[in-house]
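J.: Sharing a structure here in structure tokens format.
No lab work stands behind these numbers, since they all come straight from the coordinates. What you see is a predicted model, and the numbers here were worked out from it, not measured in a lab. Neighbour counts are summed over all protein chains in view; Cβ atoms, including those assigned to glycine, are modelled from backbone coordinates with ideal geometry.
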Amino acid sequence: MYFAVNKITIYLLILQGVFTMYRAISFITCMCLAMLIYCRADDYGTVAYADTVAGSISSGLHQTEESVDSAASAQKPRGFFDKIIAYFNESNKVRRNKKFDFSIIGGPHYSSDTKFGIGLVGSGLYRSSARDTVSPLSNVAIYADATTSMFFKLGVRGNHIFPFDRARLNYDVNVAQIATKFWGIGYEMGRNDENESKYKYFTSQTNVNYVWRLARNLYLGPMLTVDYINARDEAKPELWEGQSDRTFNFGVGFTLQYDNRDFLTNAFRGVYLRLDQRFNPRGIGNKYAFSLTELRLAHYRPVWKGATLAMQLHSRLTYGNTPWGLLSTLGGSDNMRGYFEGRYRDKCEIDACIELRQHIWRRNGIALWAGAGTIFPKFSALRWSRVLPNYGIGYRWEFKRRVNVRLDLGFGRGQTGFIFSINEAF
């Protein structure tokens, strides 16, 4: 007994040390990113001045003494905030002389799921070959988030387009620590407010696929997923229905994609069809054996000047012994915005959304959307009475060319959610 108590005490001390280190790392990271923005802003100022002087010289031999004085005045050092403003003013400009165009943005936000927080996002655009000027740009986003509800997430996602679009590598790798809520499994459990309970969990997710181009706009290739979830401090453990609070799942499968969008992260026109088939068999170390089929169909079309109509149908179906952490859910930043992510969870889900995106002025725009979705254990259990409505409004700011920072306010049945993110929801 004495040994067990000492062992628990040691574990608690280790956890306290890890948490203290996490807070220190978060503070240092924020300071480093702020200084990086400042330094990069200084670079932008230097480039802008060089362009000004070059323009003055190339204007001819009739440059007056007054213009020389004007150019010299531009050389005066600017303050910290002036450099930050100049940095963001230049962030969406096309810089063809840069092989890798990378920018950073951060700021406070609020979400009904995670409360107040600070988010930081670094976004980069590049081409894998200087000779290829026709294929879509490759993109990468590095994101970090920390909130007052003990939510912390760090990850990287992107799409690497190989020269002349012969192949594509799509990836999303992230780790997160979350203090959140659980209502149980199934529609009836989710709609019952009395089931609301708190718990914490740590998760690590890796999703990678590599596809080859089979024909124009058609791609096929293998996919790999790794999911680790560890729940703790469950207020109502009976809601887990006897499932293990710690799961590790390794999945393999294939993905078939048709994609003729004009831009991957913010399409104005085109069609995107993606079918994923994934297998998590017991033979490769999985405690829970199940399969997953996910379908996403999106269509984009311009409707009038500065406006794009985006439509999406999405479905995620699982079969077999699906663990609680990998069940299909509604809510979050990408689908059914406004619902608490994970409140409604079951083996299967279907959702649809139509969104109008309107450019307003310079780098500013708005979005209006409406949609619906539902969860179910199998198709025979589908009920119209269980379809949940969703609608909302959002603000868009063009951080980089065709890369938007979005602030969305979503509404659902008895729920409201505020979302801060980068790139469009679909």
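J.: Show me 331-337, 205-211 ranked by packing, highest mean number of other Cβ atoms within 10 Å first.
T.: Working: 331-337: 23.1, 205-211: 17.9.
Peptide ranking by packing, descending: 331-337, 205-211.
J.: How big is the Kirkwood radius of segment 342-426, worked out from every pair of different alpha carbons and given in Å to one decimal?
T.: 14.3
J.: Next up: Within segment 276-316, report the trypsin sites (Lys or Arg not before Pro) that DSSP leaves as loop and that have at most 12 other Cβ atoms within 10 Å.
T.: LYS305
J.: Moving on to the next point. Hey, what's the Kirkwood Rh for segment 88-236 if you take every pair of different alpha carbons, in angstrom?
T.: On the way: mean 1/r = 0.0543 Å⁻¹.
The Cα-based Kirkwood calculation yields 18.4 Å.
J.: How compact and how long is segment 154-263, expressed as Rg and Dmax of its alpha-carbon atoms in Å?
T.: According to the Cα coordinates of segment 154-263, Rg and Dmax are 18.9, 55 Å.
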